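J.: Just dropping this structure here.
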C-alpha cells in the first residue's frame with residue numbers, strides 16, 4: 001500500500017526515464033491524472049490516458065535523451081508547502097516548472113501567475 005500516491009507518481013516517472021522505458025503504468029486517480037496533464041501541456045511527457053483503473057503515461061524523448069531531466073515532490077503529507085502568487089519559487093532559473101494545486105485546479109506556475117492565484121506546490125520538474 002502506498003501512503004503518498006503523488007510521491008509514487010513522481011518516483012515512477014523518474015524511474016521510467018532512468019530505465020529508458022516507453023511508458024509507465026500506475027493505478028488511476030483524478031489527482032494523478034491532472035498532475036500528468038500539466039506535464040503533457042508543458043511537453044515534459046508525451047501523453048497520458050486512462051485504461052480501466054490504470055493510468056498509462058507515455059514518456060517523451062528527444063532522440064535518446066529524456067525530455068524531463070528530473071522531477072521531485074515538494075509538498076509532502078508531513079510538511080505541506082504553500083506559496084502565494086508573488087512568492088512562487090523559480091525552478092532552475094526559470095527553465096523548470098512548479099506544479100501547483102490551486103483553488104482553480106492543478107496547474108503549472110505560469111498559468112497560476114496569469115490567473116493570479118497561489119497554492120500548494122505539489123512538485124517541481126525540469
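J.: Looking only at strands (runs of 3 or more DSSP E) that fall completely inside segment 65-117, which ones have 1 or more residues that are under 28 Å from residue 21 (Cα atoms), out of contact with any strand residue (DSSP E or B) (no Cβ under 7 Å at 6 or more places or on another chain) and free of Cβ contacts under 8 Å to residues at least 12 places away in the same chain? Steps first, answer last, please.
T.: Numbers: elements: 71-73, 97-102, 105-108.
Passing ranges: none, list empty.
J.: In segment 52-61, how many residues are at pLDDT below 95 and more than 17 Å from residue 34 (Cα to Cα)?
T.: Residues in segment 52-61 being at pLDDT below 95 and more than 17 Å from residue 34 (Cα to Cα): 0 in total.
The values are calculated or read from the model by the stated rules, or taken from the named source; none is laboratory data. None of the values given here were measured: they were computed from a predicted structure. Cβ sites come from the backbone with ideal geometry, for glycine too, and all protein chains shown count toward neighbours.
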